[in-house]
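One structure below.
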Amino acid sequence: MKYAWFVTGTDTEIGKTLASCALLHAARGRGFDAVGMKPIAAGCDAAGANEDVQALLAASSCQLPREQINPYLLQRPIAPHLAAAEENRPIEIGVIQAAYRRVAAEHEVVVVEGVGGFRVPLDDRLDTADLAQLLGLPVILVVGMRLGCLNHALLTAESIAARGLRLAGWIANQIDPQMPCQRENLQTLAARLPAPLLGHIPWIPGAAPAEAARHLGAVGQLFV
C-alpha cells in the first residue's frame with residue numbers, strides 16, 4: 001500500500017460514497033491499483049446488497065469479495081450500533097482492522113469510507129472516530145454544501161485533530177443547489193479548515209464517480 005485515507009463526512013447522506021468513488025477513479029487515472037472499503041454499512045435492498053458497497057466495488061480496480069471490503073453489512077438503514085444490536089451482531093473494530101490490513105497488503109491505494117459522520121456510535125463505548133484512530137489513516141472530509149455546513153465542517157475538523165489524526169484534505173459536495181452564497185461559504189471554509197480543498201463537486205443529479213472525479217482538480221496533492 002502506497003496511499004490510504006479514511007473518508008468521513010459532516011453528516012450522513014452528504015456524498016461520502018460519491019467522493020470516495022471519485023477518489024478511486026482519480027487514483028486509477030494516475031495508474032494506481034485502487035480499492036475502496038466500507039467496513040460498516042447499514043441498509044440492504046431486496047437482494048441483500050448495499051448501494052454504497054456496490055458503488056465502491058464498481059469503482060475499484062478489481063472485484064474483491066464483498067466480505068473483504070465490507071465486514072459488517074447490517075440490514076436496517078439506521079444507526080449502526082442500533083442495527084447491530086437488533087441483529088445481535090456486535091461490531092468488533094479488530095475485525096475491521098484485520099480486513100483493512102489484508103486489503104492494504106495487496107493494493108497500492110485504499111480508500112476507507114466511514115459510516116455517517118465522524119462520531120457515529122458503533123456500540124455502547126466506541127464510535128467511528130475510534131475506528132479512524134485505530135486505523136491511523138489521514139482523513140479526507142466530505143462537506144455537504146448546504147445551510148449549516150460551516151459549523152458542521154469546523155466541528156468535525158476539530159474532532160479529527162483532537163484524535164491526533166491529520167486532515168489530508170476536504171471535498172465540497174454541493175447537495176443543495178439553491179444554497180445561498182455558495183461561493184462565499186466555500187471561501188470561508190477554505191480560509192478556516194487546516195487542509196487543502198481538493199475539489200468542489202457541483203450539483204449533478206445522478207452523477208457518475210468518473211464525472212465527479214473531474215471536479216477534484218487539486219487531488220494530485222494527495223499523491224506526493
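Nothing in this text is a laboratory measurement; each read-out follows from the coordinates by a stated rule. Everything numeric here is computed off the predicted structure, so don't read it as measured data. No Cβ is skipped: glycine too gets one built from the backbone with ideal geometry, and neighbour counts run over all protein chains shown.
How big is the gap, in Å, between the Cα center of the stretch 108-141 and the Cα center of the stretch 188-224? Taking the Cα centre of the stretch 188-224 as reference, the centre of the stretch 108-141 is 20 Å away. Multiplying the residue separation of residue 181 and residue 68 by 0.36 nm and removing their Cα-Cα distance gives an extension gain of 36.5 nm. If you plug the beta carbon distance of residue 87 and residue 218 into 1/(1 + (r/R0)^6) with R0 = 30 Å, you get a FRET efficiency near 0.15.
Amide H contacts of residue 110 (H built 1.01 Å from N, in plane; Pro and chain starts excluded): 3, 4, 5, 35 sit under 5 Å, all sequence-distant by 5 or more or on other chains. Across the stretch 209-220, computed HN-Hα scalar couplings (Karplus, 6.51 cos²θ - 1.76 cosθ + 1.60, θ = phi - 60°) run x, 4, 5, 4, 4, 5, 9, 9, x, 9, 5, x Hz from first to last residue, x flagging Gly and Pro.
In a reduced charge model with +1 at each Lys and Arg Cβ and -1 at each Asp and Glu Cβ, the chain shows a dipole moment near 620 debye about its Cα centre. Both radii were evaluated on the Cα set of the stretch 31-136; the Rg over Rh quotient, with Rh as the Kirkwood radius, amounts to 0.95.
Computed from Cα positions, the angle between helix 16-29 and the longest principal axis of the chain comes to roughly 80 degrees. Taking 0.36 nm per residue of separation and subtracting the Cα-Cα distance, full extension of the segment from residue 130 to residue 13 would add 40.0 nm.
Between residue 46 and residue 119, what's the calculated FRET efficiency when r is the beta-carbon distance and R0 is 22 Å? Round to 0.05.
Details: r = 31 Å, r/R0 = 1.42.
The calculated FRET efficiency here is 0.10.
Ellipticity at 222 nm from helices only: DSSP H runs of n ≥ 4 in the chain, each -39500 (n - 2.57), divided by the residue count, give -11000 deg cm²/dmol.
A rounded overall shape is assigned to the chain, the ratio a/c of its alpha-carbon gyration tensor axes (a ≥ b ≥ c) being less than 1.5. The string of couplings for the stretch 50-60 from the Karplus curve (6.51, -1.76, 1.60, θ = phi - 60°) is 10, 4, 5, 4, 4, 5, 5, 4, 5, 7, 7 Hz, one whole number per residue in order, with x for Gly and Pro. The H on the amide N of residue 74, modeled in the peptide plane, is under 5 Å from the matching H of 41, 42, 43, each at least 5 residues off or on a different chain.
Go ahead and run the numbers for FRET between residue 162 and residue 188, Cβ-Cβ distance against an R0 of 25 Å, rounding to 0.05. Don't skip to the answer; put the middle values down first.
Values: r = 22 Å, r/R0 = 0.86.
Approximately 0.70, to the nearest 0.05.
Label zone of residue 1 (point 7 Å out along Cα→Cβ, amide N under 15 Å): in the stretch 48-82 this covers 68-71.
Note on residue 151 and residue 30: the extension gain reaches 40.1 nm, defined as 0.36 nm multiplied by sequence separation minus the Cα-Cα distance.
Sorting 33-40, 12-19, 157-164, 55-62 by average packing, meaning the other beta carbons within 10 Å per residue, from highest down gives 33-40, 12-19, 55-62, 157-164.
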